[in-house]
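**Q** Would you mind keeping the following structure in view while I ask a few things?
The values are calculated or read from the model by the stated rules, or taken from the named source; none is laboratory data. Model, not experiment: these values are computed from the prediction. Reconstructed Cβ throughout: ideal geometry from the backbone, glycine too, with neighbour counts over all protein chains shown. Each accessible area value is taken on the protein alone, full model and side chains, heavy atoms only, with ligands, DNA and RNA left out. Shrake-Rupley method; radii C 1.70, N 1.55, O 1.52, S 1.80 Å.
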Amino acid sequence: MERYRMRRTMWFVKLSAALLFGLILPFAIKWGYDRFLCESDYLRLRHVIIDTSGTLDEAAIMAESGVEVGNSLLRLDPDVIQSRIAALRMVESVEVSRRFPDSVLIKVMERIPQAWLYCPDLGILPHQSGGYLIDDNGACFVCSDECELWSLLPIIEVSGMVHPESRVAGDSDRLLRAIKLIKANNILFAKRGMSIIRVIALSDWGLLCQYPGDFGVTFDCNRIEGGLQDLDEILEKAASANLSLASVNLVTVKNIPVTFHPGGDITKW
């Protein structure tokens with residue numbers, strides 16, 4: 001009986017010791033991690049490598065990241081840094097990775113502007129610092145001081161839209177249609193010097209384009225590629241007849257309305 005009690009007591013002591021060890025071990029590991037690894041000078045952040053695809057200033061990226069040289073590399077959370085930098089409107093995507101023992105790599109893919117936004121009713125003007133650029137996904141972002149880099153981009157004029165800072169995507173369809181037209185036009189006509197100067201989003205059905213030489217073309221939003229092909233044919237026929245086009249309405253598929261400049265120099269596309 002006495003031997004049984006001793007065995008039971010030893011079993012209880014061993015069980016208690018195991019449970020106590022199991023409770024203490026995580027705290028001991030965390031203490032060791034904080035004391036010896038996180039505070040190790042060997043794992044201090046000394047280099048921040050910023051690789052950006054556009055004009056965004058490295059100092060602005062660094063400031064937005066919240067990263068400070070000298071902190072423990074192990075305490076840096078790449079996901080948190082990514083979310084901070086991604087909040088910048090001109091940033092399309094971010095990748096952050098730790099490079100042991102002392103570096104962080106931040107790769108930023110910036111949005112590529114395709115056009116300027118012009119909203120008369122909101123007071124948003126093109127071709128100036130603080131204006132808005134539009135990328136090929138229809139996203140709007142504020143232009144930095146290097147706005148002269150984008151001085152040759154076309155203008156997309158939209159009325160009645162919500163302010164871009166509200167981050168509401170309700171107007172993205174109109175912007176996307178205009179961007180689609182600009183890109184398709186560049187593929188077909190850019191080598192002929194027929195680049196779009198301005199696109200006015202008339203409504204959900206029409207896009208009015210201004211070309212060089214006081215030439216205006218109205219496109220059907222649902223028939224952009226076909227409209228450009230029709231325009232190409234009209235340009236060829238006008239050139240062969242030695243006529244200078246003033247306007248074309250491509251919303252009408254048959255019997256397309258066309259006007260010509262009265263005399264003067266003939267615009268050759």
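**Q** Against the condition over 24 Å from residue 140 (Cβ atoms) and among the basic types (Lys, Arg), how does residue 183 come out, does it pass?
**A** Considered against the rule, which asks whether it is over 24 Å from residue 140 (Cβ atoms) and among the basic types (Lys, Arg), residue 183 comes out as no.
**Q** Among the residues of the range 197-229 satisfying the criterion of being of a type in the set (A, V, I, L, M) and free of Cβ contacts under 8 Å to residues at least 24 places away in the same chain, which is farthest from residue 251 (Cα to Cα)?
**A** As a first pass, look at the range 197-229 and keep what is of a type in the set (A, V, I, L, M): 197, 199-202, 207-208, 217, 224, 228.
Among the residues that remain, those that are also free of Cβ contacts under 8 Å to residues at least 24 places away in the same chain are: 202, 208.
Working: 202: 12, 208: 10 Å.
Filtering the range 197-229 for residues that are of a type in the set (A, V, I, L, M) and free of Cβ contacts under 8 Å to residues at least 24 places away in the same chain, the one farthest from residue 251 (Cα to Cα) comes out as 202.
**Q** Select from the range 210-224 the residues that are loosely packed, with under 13 Cβ neighbours inside 10 Å and within 20 Å of residue 177 (Cβ to Cβ) and list them in ascending order. Working first, answer last.
**A** Our first condition is that a residue be loosely packed, with under 13 Cβ neighbours inside 10 Å; within the range 210-224, this holds for 212, 214, 222.
Residue satisfying the conditions is 222 alone.
**Q** Quick check on my filter: what residues within the range 228-252 are over 20 Å from residue 177 (Cα atoms) and of a type in the set (A, V, I, L, M, F, W, C)?
**A** Scanning the range 228-252 gives 234, 235, 238, 239, 241, 243, 245, 246.
**Q** Need at least 3 residues that are open to solvent by less than 60 Å² (accessible area, probe 1.4 Å), at pLDDT 95 or above and under 19 Å from residue 186 (Cβ atoms) per element, so show me which strands (runs of 3 or more DSSP E) inside the range 86-158 make the cut, counting only ones lying wholly within it.
**A** The qualifying strands (runs of 3 or more DSSP E) are 113-118, 155-157.
**Q** In the list 172, 195, which residue meets the criterion of being within 18 Å of residue 138 (Cα to Cα) and either small (Gly, Ala, Ser) or open to solvent by 10 Å² or more (accessible area, probe 1.4 Å) (or both)?
**A** Matching residue, one of 172, 195: 172.
**Q** Can you go through 76, 133 and tell me which one is aliphatic (A, V, I, L, M) and more than 17 Å from residue 164 (Cα to Cα)?
**A** 76
Yes/no matrix, rows are residues, columns are (1) of a type in the set (D, E, K, R); (2) touching a strand residue (DSSP E or B) at 6+ places or on another chain (Cβ under 6 Å); (3) more than 30 Å from residue 257 (Cα to Cα):
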| site | (1), (2), (3) |
| --- | --- |
| 136 | yes, yes, yes |
| 140 | no, yes, yes |
| 151 | no, no, yes |
| 166 | no, no, yes |
| 176 | no, no, no |
| 185 | no, no, no |
| 190 | no, no, no |
